[in-house]
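The values are calculated or read from the model by the stated rules, or taken from the named source; none is laboratory data. Model, not experiment: these values are computed from the prediction. Methodologically, a virtual Cβ is constructed for each residue, glycine included, from the backbone with ideal geometry; neighbour enumeration extends over all protein chains shown. Side chains are part of the model used for accessible areas, which takes the heavy atoms of the whole protein and leaves out ligands, DNA and RNA. Shrake-Rupley method; radii C 1.70, N 1.55, O 1.52, S 1.80 Å.
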Amino acid sequence: MRTKRSRTSLVQRGLAVAAMGLSLAACQPGGEEQGDFVELNKDPFPSSYTPLESGTTFITNATVLDGKGGRIDGGSVLVQDGKITAVGKDIAAPDGAKVIDAGGRWVTPGIIDVHSHLGVYPSPGVQSLSDGNEVGEPVTADAWVEHSNWPQDSGFLRAAAGGITSLQLLPGSANLVGGRSVTLKNVPGRVAQDMKFPGAPYGMKMACGENPKRVYGSGKNSIEYRPHTRMGNVAGYRQAWADAQAYNRAWQKYERDYKAGLDAKPPARDLNLETLAGVLNGEILVHMHCYRADDMGTMLDVMKEFGYQITSFQHAVESYKIADKLAENNVCSAMWADWYGFKMEAYDGIRENIPFVHKAGACAIVHSDDPYGIQRLNQEAAKALADGRKAGVDISKAEAWQWLSLNPAKSLGIADKTGSLDVGKDADIVLWSGDPFSVYTKADMTFVDGAVTFDRNDPARQGVMDFELGQPGEGDVK
Amino acid sequence: MSIMKTLMGASLLAITAVGASAEDVAITGGTAFTMGGKGKVENATVLIHDGKVQSVTSGGEVPAGYRTVDASGKWVTTGFMASGTNLGLMEVGLSGGINDARASDAKNSIGLEVSYAFNPATTFIPNTRIEGVTRAVTGFSASKDMWRGQSAVIALAGDNMIVKEHAVLSIDMDEGSAEKNGDSRAALWDMVITKLEESRPGADDDNKDDAKKDKKPKYDSAKAALDRLFAGEMPLLVEVERKADILNVIKLKERFGIDVVLTSAAEAWMVADELAAAGIPVVMNPTRNLPEDFDSLGTTGAAAARLHAAGVKVAFLPPDTNNTRLVVQNAGNAVAMGMPWEAAVDAMTVNPAEIFGIADSYGTLEAGKDADVVVWNGDPLELMTSPDAVFIRGEEVPLVSRQTKLRDRYIDLPRSPAYVK
């Protein structure tokens, strides 16, 4: 405890010094001098992402799904300086463009996985690299998953081979509040910041139901630590929000007093409450692991009580039971096509969950939560689409692609930058060997910001992570 | 009370329906894939009589009294088999009551038998079979040591679902098992070899001990299981990943003269020729391609194709028990990674039938075999196709499961679903 307190004060001192250059020391009317105004740096780990080199690329003669529900047969996509500059039928290749004749192959926006633990629970899955759950206290909003991201996870390369262009890394679901998420461009780098999606907002992971109550209710800390029950879970979320409200008020008072010329002291920083307050202030998006319909129903009320927005329910195995309520409350569901049954709260999973959510007009997302699932999210969408059609839900392949690109982009707050083939957006694109709703189809090329991150015909663009060097399997077909 | 009676009546009817297998059926007009290298039959007439396939002929006549199932434009295959599950041994695996697949405190983990733990009423069986998977190997996934008991082969409908009780003796010889058993591969292998040496035919010292000579030997289920192994009645199914360990398994087979099957086996493709020469089949999930640990650095999605090309008999694992049906998607992905389509289907039919000792009754679509027959609305390995009809040992299974009932209940978002039939 002592150690913790002294560390906090060091951080505060550091901040005050950093802030000196930015703030003018003002004088109080009474002549008493004010200290420097302390303003928090909201981006202490800025993205150092830079796009890989790319030129002008013209993909033509393709079956284009635009990611918004539209389809263009015999279409073309033009990419210049990393951006999409034209999409349609009657486009000509500019001089000097690299022309790719798709020969009828399919082109789609890159797939965005909103639920990944790549880098955090990487391959190899040894204890030393297991960095996804900050178990110990049920609310760890101060933990930032980007600090666990090992950019040498081979899973990033396999995901690129499956057409993944962006992904959200989330902390695990052991805690009521697991910590901050991070959104990445799927381009490996030397440090984790090299992968950060520039301008993407932060997210925060929360978890409903069985996991927190199991971890804290039957773990070795079972007496000292709550929660042990679902009602304990909800008490935990509500107390955390109440604390965050008080923390927000303390900082608002500080700012008010300072502006009034008083020699106000800034509140002590609390990194946990800082993230929670960021949610209440609308700066950080909430992604909440929640399986059961009634758990989700409870959380919709907690959300209203404290005035924040749940951006997505993750896994959301029972979203089909309350799809109308999810539509009303503008909450996305990030779902598997057919995983179910491994625990009680997953017992009622049905294969039509995704199409039923779509049918209700709610935001449906296909997610993976798995280093293999992320390699073939297009296949998950295909299964869900087929099951929906069998149940009488009429959805086109072009509409279904929204589950893989535009809806995930919306839920991550990056839909203005990626997620559909729109002029001006990042050229995050996949060229498929055929219809991506077929099991036999593979990504031939994946582009991020117009640069090739995977090319099935070019071993140099299939990638080998540091870990794989000198090991069996280095550079093999994957 | 009367509702209760009605319900009981309904369930009795259902049991009767599943129990009856006398229906004569003709599946006509489809393309039948007979498998096992026997090719396909266009415009096939598949006759089912007395629970068996009676004949598969192109354009064959439908005898009087046979119910016709029109399969025009459809694909007809043998029902598929998943070669490693805990089906019937668990319902909800995590914090959901007993999980019989985890015999973690068993005193004797060699002799474990599925039949005492098997629950034919598990909801996962209907959930699986309506997707065209009609057979599975089921067994134990944990114990206090390296042995995992005897796995069984089940049919996914009908009375007496266990069709072969002692299909394999299972043992875990991977990194995790070494950690638990002596904390070194050297310790693990020493224990296993010692046990097998003690159990060799003739190595039993009971009869050599004069004092015990006339004493009736006490029942020992482990000895019974090991006797079956040494008698060639069932193979040893070895879970192992690393190439070096696999080479040791080949030596183990030579040393003891037993039949051996590898399962999981991430790096098996690296010694494919040696495995083919030793006659060791490989049961695997063909989608693995990550260096999951230091045992599996050589994983590649091309492994199934490479093993098949080298002449190794391959069968497929599903991703897990709940998703047993996804073994079919796995097979499709093996094809995408270079395995011939027929070989991928063999890996879910005739190959596991041979590996797990039921090839006399299952595995190919030909006269005399159990009528596990599925009519698909397209290529069964494709993602957007599904079964239109499923027969298991001659009985047509209704395409209904707990999952389809939930689907039908919630399609219109009722106020009180409990009152929706």
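The mean number of Cβ atoms from other chains found within 10 Å of a Cβ in peptide A:123-135 is 2, as a whole number.
Model label points for B:Asp360 and A:Arg456, set 7 angstrom from Cα along the Cα-to-Cβ axis, are 4.5 nm apart. With protein chains left intact and a 1.4 Å probe, residues in the protein assembly as shown average 40 Å² of accessible area per residue. Report the Rg/Rh value for the range A:391-478, based on alpha-carbon coordinates and the Kirkwood definition of Rh. Ratio of gyration radius to Kirkwood radius: 1.06. A straight Cα-to-Cα reach below 16 Å connects B:Lys40 with the lysines B:Lys74, residues fewer than 8 places away in its own chain not being considered. Per residue, the convex hull around the alpha carbon atoms of chain A comes to 172 Å³.
Could you order peptides B:324-335, B:352-363, A:159-170 by the average number of other Cβ atoms within 10 Å of their residues, highest first?
By packing density, highest mean first, the sequence is A:159-170, B:324-335, B:352-363.
Rounded to the nearest 0.05, what FRET efficiency do B:Lys38 and A:Val477 have when you use their Cβ-Cβ distance and R0 = 30 Å? Efficiency computed from Cβ-Cβ geometry: 0.45. If R0 equals 60 Å, the separation of the Cβ atoms of A:His228 and B:Thr194 corresponds to a calculated FRET efficiency of about 0.85.
Its Cα gyration tensor gives the range A:124-281 an equivalent ellipsoid, and the semi-axes of that ellipsoid, as √(5λ) in whole Å with the largest first, are 31, 24, 12. The label-point distance for A:Asp81 and A:Arg190, in a model that sets each label 7 Å from Cα toward Cβ, rounds to 2.7 nm. When the convex hull of its Cα atoms is viewed from all sides, the range B:262-350 shows a mean projected area of 5.3 nm². Structure note, pairs A:Lys325/A:Lys442; B:Lys180/B:Lys216; A:Lys196/A:Lys425; A:Lys196/B:Lys243: Cα-Cα distances above 29 angstrom occur for A:Lys325/A:Lys442; B:Lys180/B:Lys216; A:Lys196/B:Lys243. If R0 equals 30 Å, the separation of the Cβ atoms of B:Lys144 and B:Ala121 corresponds to a calculated FRET efficiency of about 0.60.
Across peptide B:291-301, the mean count of Cβ atoms from other chains lying within 10 Å of each residue's own Cβ comes to 6.
Taken over the Cα atoms of the protein assembly as shown, the convex hull encloses 208 Å³ per residue.
For the range A:32-69, list residues with backbone N below 16 Å from a point placed 7 Å from the Cα of A:Lys259 toward its Cβ? Counting backbone N atoms under 16 Å from the label point, the list is A:37-40. Which entries in the list A:Lys253/A:Lys304; A:Lys359/B:Lys421; A:Lys185/A:Lys213 go over 31 Å, if you measure between the two C-alpha atoms of each? With Cα atoms farther than 31 Å apart: A:Lys185/A:Lys213. Please compute, for peptide A:380-390, the average count of beta-carbon atoms on other protein chains lying within 10 Å of each residue's beta-carbon. Across A:380-390, the average partner-chain Cβ count within 10 Å equals 3.
Would you mind classifying the range A:84-160 by shape? Square roots of the alpha carbon gyration tensor eigenvalues, ordered a ≥ b ≥ c; an a/c under 1.5 is rounded, otherwise it is prolate if a/b is larger than b/c and oblate if not. Since a/c reaches 1.5 and a/b is larger than b/c, the shape of the range A:84-160 is classed as prolate. Our note on the geometry: Cα centres of the range B:300-375 and the range A:415-452, 33 Å apart. Share of pairwise Cα-Cα distances greater than 23 Å in the range B:297-421 is 44 percent (whole percent). Output the residues of the range A:343-366 meeting this criterion: accessible area (heavy atoms, 1.4 Å probe) in the chain alone minus accessible area with all protein chains in place is 40 Å² or greater. Correct list: A:Met344, A:Tyr347, A:Ile350, A:Arg351, A:Phe356. Phi angles across the range B:238-246 convert, under the Karplus curve 6.51 cos²θ - 1.76 cosθ + 1.60 with θ = phi - 60°, into 3J(HN,Hα) values of 10, 7, 7, 10, 7, 3, 4, 5, 5 Hz, Gly and Pro given as x. Kirkwood analysis of the range B:193-325, using all unique Cα-Cα pairs, places the hydrodynamic radius at 16.6 Å.
Build a GNM of chain B with springs between Cα atoms under 10 Å apart, and of B:Gly176, B:Gly132, B:Gly79 the one that fluctuates most is B:Gly176. Axis angle, to the nearest 10 degrees, between helix B:327-336 and the longest C-alpha principal axis of chain B: 80 degrees.
Rounded to whole Å, the principal axis extents of the Cα atoms in the range B:80-362 read 64, 42, 39, largest first.
Computed over protein heavy atoms with a 1.4 angstrom probe, the accessible surface ordering of A:Arg158, A:Arg249, largest first, is A:Arg249, A:Arg158.
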